[in-house]
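**Q** I'd like to ask some things about the structure below.
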Amino acid sequence: MSSTPVEISSQKKALRKKLLSRRAALSQAQPQAAQEAARICLSLLTLDTDLVIAAYHPIGTELHTEFLLKSLWYKGIRCALPRVGDAAGPLTFHLYQQGDRLEDSAFGVAEPLASAAVMDPDVIIVPLLGFDKDGFRLGYGGGFYDRTLSGLRRRKRIVAIGYGFAGQEVAEIPREDHDEPLDAIVTDQGAFRLER
Ligand SMILES: Nc1ncnc2c1ncn2[C@@H]1O[C@H](COP(=O)(O)OP(=O)(O)OP(=O)(O)O)[C@@H](O)[C@H]1O
Ligand SMILES: [Mg+2]
């Protein structure tokens, strides 16, 4: 029997709690994970200077993206970071160059200044609380990445890459109609691509 929307939403809530503490333990135990994930990610991406790659500025114990962003920058790839505008809207991505000043958003996330150039990314590195083998993800519950990916996918072809610790994988992330799947997952222990 399939779950009702209310049931799915409460399953997600319980899973968020579990995955938050799991990720905290992983980030303590595996300080080298971000470097490994960056190495794996860079080995898989076909880098072209026409590409815009968006990543995220980590909050809490999210796998950090510093190595990845620095390496992309040295290779001459344009990078972008998200800004949260309206709580009910999609994220917007703005050019981020190494050393650029960031400011705190209303949600406590460091983000580029509104004056930084807006970029439509080709590749998006997406933060995770958890993921499953089908490329479904769980975030904090704002629906920001779901709205953002669905908006971008209507306009262009993008590659959305979930980025996290291998230990964040679970058997199945509860799914709702608005959940946008990822195209690939990169962790500190490997990567896989979903064919759609
Ligand atoms: N495309 C959409 N259209 C309408 N509502 C949406 C859409 N995407 C997300 N939402 C809203 O966002 C809420 C939270 O979504 P969900 O539980 O999937 O969050 P999440 O994927 O874990 O969060 P995030 O993407 O911010 O990391 C949903 O209950 C829904 O109201
Ligand atoms: Mg979702």
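Bear in mind that the values in this text are calculations on the coordinates, not laboratory data. Treat the numbers as computed from the prediction; the structure is a model and nothing was measured. Cβ sites come from the backbone with ideal geometry, for glycine too, and all protein chains shown count toward neighbours.
**Q** Classify region 73-196: rounded, prolate or oblate, from the alpha-carbon gyration tensor (a ≥ b ≥ c, eigenvalue square roots; a/c under 1.5 rounded; otherwise prolate if a/b is larger than b/c)?
**A** prolate
**Q** Still on this structure, I have one more. Where does the Debye-calculated log10 I(q)/I(0) of region 43-137 sit at q = 0.10, 0.22, 0.23 Å⁻¹, using only Cα point scatterers of equal weight, no solvent?
**A** -0.26, -1.26, -1.35
**Q** Measuring from centroid to centroid over Cα atoms, what is the spacing of region 32-74 and region 91-167 in Å?
**A** One Cα centre to the other: 12 Å.
**Q** In addition: Are there any trypsin sites (Lys or Arg not before Pro) in region 67-147 that are in a DSSP loop and have at most 15 other Cβ atoms within 10 Å? List them by number.
**A** Here the sparse-neighbourhood loop sites are Lys75, Arg101, Lys133.
**Q** Using a 10 Å cut-off around each Cβ, can you sort Leu113, Leu45 from fewest to most neighbouring Cβ atoms?
**A** By the 10 Å Cβ count, ascending, the order reads Leu113, Leu45.
**Q** With no solvent and one equal point scatterer per Cα, compute the Debye intensity ratio I(q)/I(0) for region 69-113 at 0.14, 0.19, 0.23, 0.32 Å⁻¹ and report its log10, rounded to two decimals.
**A** The computed values of log10 I(q)/I(0) come out as -0.35, -0.60, -0.79, -1.16.
**Q** With both bridge residues required to lie in the chain, what share of the DSSP beta bridges run antiparallel, to the nearest 5%?
**A** For the chain, the DSSP antiparallel bridge percentage is about 50.
**Q** Cut-off is 10 Å between beta-carbons; in what order do Ile77, Ile173 appear when sorted fewest neighbours first?
**A** Ile77, Ile173
**Q** What is the gain in length, in nm to one decimal, between Val159 and Thr46 on full extension, counting 0.36 nm per residue of separation less the C-alpha to C-alpha distance?
**A** Gain on stretching Val159 to Thr46: 39.5 nm.
**Q** Treating cross-link reach as a plain straight distance, find the lysines whose alpha-carbon is under 26 Å from the alpha-carbon of Lys17, omitting any fewer than eight places away in the same chain.
**A** Lys133
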